[in-house]
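A short write-up of the structure that comes next.
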Amino acid sequence: MELKITSDRDNELLSRREITAHASYADKTPAKAEVKEELCKKLNLDPNLVEIREIRQQYGLRASDITAYSYHSKEAMDKLSKKRGAKGAKPKATSGATASA
């Protein structure tokens, strides 16, 4: 897999780096774990603080556009993951009132 960084922006408000990359490959679309490993090697990032948000396959090509976030700290990553409603976040409690017809 060949990975080319197209954008690397530091977002101080959300305590993260927002990275956009373009990947080309010979076989199938790579898994998020493969992309994460390659991105961490290329940019010297901590794998525990990197989140692959999206891999957009380009129709008819063996290429994808990738969006990834590298957080400055574990706390920032956890805080934003909860706000987004990621897996593991507790759902909000519903009220006891029910609608009747």
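For the reader, a short list of remarks on this structure follows.
- Extension gain, residue 73 to residue 4, is 22.3 nm, computed as 0.36 nm per intervening residue step minus the present C-alpha separation.
- Listed peptides 45-53, 63-71 by packing density, highest first (mean Cβ within 10 Å): 63-71, 45-53
- Over segment 2-76: Rg over Rh, Cα atoms, Kirkwood Rh: 0.98
- Summing Cβ point charges (Lys, Arg +1; Asp, Glu -1) relative to the Cα centre of segment 2-76 gives a dipole of roughly 160 debye.
- Spacing of the two label points (7 Å from each Cα toward its C-beta) at residue 29 and residue 59, in nm: 1.3 nm
- For segment 2-76, the relative contact order comes to 35 percent (Cα pairs under 8 Å, sequence separation of at least 6).
None of the figures in this text is laboratory data; all of them are computed from the coordinates on show. Note that this is a predicted model, so its numbers are computed, not measured. No Cβ is skipped: glycine too gets one built from the backbone with ideal geometry, and neighbour counts run over all protein chains shown.
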